[in-house]
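Presented below is the structure to which this report refers.
The values are calculated or read from the model by the stated rules, or taken from the named source; none is laboratory data. Just so it is clear, the structure is predicted and the values come from calculations on it, not from any experiment. We place every Cβ from the backbone using ideal geometry, glycine too, and count neighbours over all the protein chains shown. Calculation scope for accessible area: heavy atoms of the full protein, side chains included, ligands and nucleic acids excluded. Shrake-Rupley method; radii C 1.70, N 1.55, O 1.52, S 1.80 Å.
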Amino acid sequence: MTSPVLPSHGRVRPLGLAQVSITGGFWGSRQAVNATATLSHCESWMERLGWLANFDRVADGTTSPDRPGWSFSDSEVYKLLEALSWEWGRTGDPEAEAAIKRLTARVARAQDQDGYLNTCFGHGEQPPRYSDLEMGHELYNTGHLLQAAVARLRTYGEDELVRIARRAADHVCRTFGPDGRAGICGHPEIEVGLAEFGRALGEERYIEQARLFLDRRGHGTLRDIPLGRAYFQDDIPIRQADVWRGHAVRALYLTAAAVDVAVERGDDELLSAVERQWERSVARRTYITGGMGSRHQDEGFGEDWELPPDRAYCETCAGVASIMVSWRLHLATGDVRYADLIERTLYNVIATSPSPDGTAFFYANPLHQRASGRPADADEVSPRAEAGVRAAWFDVSCCPTNVARTLAGLQGYLATADDDGLQIHQYAPSTIRAELPDGREPAVEVETAYPESGTIRVRIMNDGLWTLALRVPAWAAGATLVEDGRARPVEPGMATVRRAFRAGEVITLELPMEPRFTWPDPRIDAVRGCVAVERGPEVLCVESHDLPHPGGLDALAIDPLSGPRAEPGGARVRGRLAAPPDRLWAYSGAAAASAADVEWIDVPLRPYHSWAHRGPSSMRVWLPIEKE
Ligand SMILES: [Zn+2]
């Protein structure tokens, strides 16, 4: 099976790249841009900045402590290798194959005799191996190497990359195993890498090593740092925690591994701990976009309800990691709410990051941009994650390769199978087939212009008795299912049809796509008195480009009594522009009087994922209200 995540058991089984193809549409076009532009873009930046040459320098004995790149730059090469491997598995593109061979050969030369592989530690004048577990990222890098090897193993088979990864994993097990050093990495990732590599190879000891790393965490195993041990989740054992905290990507990579270990070990206590953390974190610490991480200081989760739109960090990588967690939970439990969050995150975080041409990216994904960013220079490394514009590359450039690997393997997240049929969770023009344990082979073709349209036509490809289940998103109250020309209402959750299908017949799911107002919990102080507009799975926003004069976003309030109206590609709401008072002090003994000079206009909204496509702009998702 060619799937990024393959648990040995679970409520449903993932369908992989060999069973599912995205044939066009919203995600098909993004996969194509990823393939033709993003992958080579990433490689050329890593070459240009010397991150690839770091491997050559180790091999040639010319490395130094001040080598280019941060301690985690090796991981970008591995994430690119993972992306290329999924891409090759998806299309058989010979350029992807050539790039895999080219990069693998350079990585191979840098591996030490005993399996250790890192370009920042342990060679020449560099600090010794594992001398900075808190911030050195050595095991983190290795985790990404293992994930790359999983992609290669499942799409191609055993090759040099897989052999490198085996030697590296064995080195980790020897060094940090039960009889070794009782250390953990400051940035979780080795755990999820080991668990999946263990599953891919049938090597129990790698899964056991992942469990060991998980259980060691949360006991003050790492040195304390100014941000506190919660930053790297070493404050509370994962089984005892109630909510995600600290650095969001770290928390989520760790949690993904916890699901893997819980499933492989039949550890229900651990699984329910993760479900409990998901529930509270999604209810209280997650943005309407699915974005996670409210704090810039530590790229971390805030307290419950601490969700400021303008200071939202919402790192793109945290979106990727959130999908990793929810997908694993979905496979384990079959619970549709996990697929709901995946959809929200895909459309409003993952799709937001890359530019239409796939060569510039958002790192942070705020919900309110107060001042337009400065136009980005395509030839420049952005020093800042929160520049207000997409950047070609970053000083810390974790997000572009994370987007690349997610898009290249995206069809692996669309559908699942159980013993009686298949379940479709994400809608895209696609072909999907499954092999059931008793030999039945349900196969369908999905035709849709989703999310532009809410009509999803599922064409049955062969005769057979089985169950088709279609996810009805939580927002889709009023959805209908049409079979044999008869429509029936279906509730959010899974809409199922079980019968003897005939080849050629079509089941149609109609999701209501009228734009709608969405109100925040009143405890989210930062957006109290505001409303957002959503359409289908897309969060919409207002951009300064669409207002009659600059600065209009600060003068805008919308009328909640006049509901949003549909418009191709977005919506319109009724809003007023009133010049804010120009005062010497922002506070007053009396509430601000309504402005006299009020102009009522129709305000266009567009999908948040397309913001700043027309150049730098100011933007907001949450809109203040005022009745007309
Ligand atoms: Zn990132």
Open item on the list: If the requirement is being among the charged types (D, E, K, R) and in contact with a Lys or Arg (Cβ under 6 Å, 6 or more places away or on another chain), which of these qualifies: D235, D267, D260, D298?
Closed with: D235
Open item on the list: Please determine whether any residue of the range 66-76 is open to solvent by 30 Å² or more (accessible area, probe 1.4 Å), within 30 Å of I432 (Cα to Cα) and within 20 Å of the chain's Cα centre (by Cα).
Closed with: no
Open item on the list: Here is a list: L139, L153. Which entry is among the hydrophobic types (A, V, I, L, M, F, W, C) and open to solvent by less than 10 Å² (accessible area, probe 1.4 Å)?
Closed with: L139
Open item on the list: Exactly one of these conditions fails for T352: (1) within 16 Å of the ligand (Cβ to nearest atom); (2) open to solvent by less than 20 Å² (accessible area, probe 1.4 Å); (3) closer than 30 Å to P624 by Cα; (4) more than 17 Å from the chain's Cα centre (by Cα). Give me its number.
Closed with: (4)
Task: Test result for A339, away from the ligand (no atom under 14 Å from the Cβ), in contact (Cβ under 8 Å) with a residue 60 or more places away in the chain, aliphatic (A, V, I, L, M) and under 23 Å from S610 (Cα atoms) - done: yes
TODO: Being touching a residue at least 60 places away in the same chain (Cβ under 8 Å), part of a strand (DSSP E or B) and of a type outside the set (D, E) narrows it down to one of L540, L553, L561, L577, so name that one.
DONE: L540
Open item on the list: If the requirement is being surrounded by 24 or more Cβ atoms within 10 Å (Cβ to Cβ) and either within 16 Å of the ligand (Cβ to nearest atom) or farther than 21 Å from E534 by Cα (or both), which of these qualifies: R344, R328?
Closed with: R328
Task: Residues of the range 205-219 that turn out to be outside any loop (DSSP other than H, G, I, E, B) and open to solvent by 10 Å² or more (accessible area, probe 1.4 Å), as a count - done: 6
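Residues checked against (1) surrounded by fewer than 17 Cβ atoms within 10 Å (Cβ to Cβ); (2) under 30 Å from R390 (Cβ atoms):
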| site | (1), (2) |
| --- | --- |
| L561 | yes, no |
| G570 | no, yes |
| P581 | yes, no |
| L584 | yes, no |
| A591 | yes, no |
| D602 | yes, yes |
| P607 | no, yes |
| S617 | no, yes |
| L623 | no, yes |
Task: Filter result for the condition that a residue is modelled with pLDDT of 95 or more, away from the ligand (no atom under 16 Å from the Cβ) and open to solvent by 40 Å² or more (accessible area, probe 1.4 Å), over S281, S272 - done: S272
TODO: Among the residues of the range 302-316, write down those that are within 16 Å of the ligand (Cβ to nearest atom) and part of a loop (DSSP other than H, G, I, E, B).
DONE: A312, Y313, C314, E315
Open item on the list: Looking only at the range 374-386, filter to residues that are in a loop (DSSP other than H, G, I, E, B) and within 14 Å of the ligand (Cβ to nearest atom); which one of those is most open to solvent (accessible area, probe 1.4 Å)?
Closed with: R384
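Of the residues T518, T496, only one is β-branched (V, I, T) and open to solvent by 70 Å² or more (accessible area, probe 1.4 Å); which?
Being β-branched (V, I, T) and open to solvent by 70 Å² or more (accessible area, probe 1.4 Å) holds for just one of T518, T496, which is T496.
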Task: Set G92, G122, G61, G143: member being out of contact with any helix residue (DSSP H, G or I) (no Cβ under 7 Å at 6 or more places or on another chain) and closer than 25 Å to D395 by Cβ - done: G122
Open item on the list: Tally up the residues in the range 1-40 that are in contact (Cβ under 8 Å) with a residue 24 or more places away in the chain and under 20 Å from the mean Cα position of the chain (by Cα), please.
Closed with: 25
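Does the range 185-204 contain any residue that is of a type outside the set (A, V, I, L, M), assigned to a helix (DSSP H, G or I) and open to solvent by 60 Å² or more (accessible area, probe 1.4 Å)?
Yes, there is a match, as at least one residue in the range 185-204 is of a type outside the set (A, V, I, L, M), assigned to a helix (DSSP H, G or I) and open to solvent by 60 Å² or more (accessible area, probe 1.4 Å).
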Open item on the list: Quick test of your reading of the structure: A371 fulfils all but one of (1) more than 13 Å from the ligand (Cβ to nearest atom); (2) within 18 Å of V320 (Cα to Cα); (3) touching a residue at least 60 places away in the same chain (Cβ under 8 Å). Name the failing condition by number.
Closed with: (2)
